[in-house]
Amino acid sequence: MDIRLFAIAAVLPLAACMSSEAPPESTPTPPTEAEMTCKADAVQSYVGQTATPDLGGAILKAAGARTLRWGPPRSAMTMDYRADRVNVMYDDAYKITQVSCG
């Protein structure tokens, strides 16, 4: 057998794994400073209210955040900080105990 056939057979799968650079139009644009802010002061009036999905949407909009994270009682949460996230902690009675950003 010809050694060239073996060489081509070995290189062909590797060539299929090569990636090309993504076109510029498909590259996501990074969020702006205005999109990356959460205003916790604007949503402190929600503390003491009953946590519901509708209220969560209102908190998200009022805070100007991009993401909402619910904090149920006795739950572990990551400590990563995200300036575009509003955190809503509540107790066993679904009463909101704390609203913060991060």
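Here are the numbers:
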quantity: Protection proxy ranking, peptides 48-59, 85-96, average beta carbon neighbours within 10 Å, highest first; calculated: 85-96, 48-59
quantity: Percent antiparallel among DSSP beta bridges (both partners in the range 31-101, rounded to 5); calculated: 55 percent
quantity: Residue-count net charge about residue 72 - beta-carbon cut-off 10 Å; Lys, Arg +1, Asp, Glu -1; calculated: -1
quantity: Net charge over other residues, Cβ less than 15 angstrom from the Cβ of residue 50 (K, R count +1; D, E count -1); calculated: -2
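Read-outs throughout are calculated quantities, based only on the coordinates presented, and are distinct from any laboratory measurement. This one's a predicted model, so the numbers in the text were calculated from it and none came from an experiment. Backbone-built Cβ (ideal geometry, glycine too); neighbour counts: all protein chains shown.
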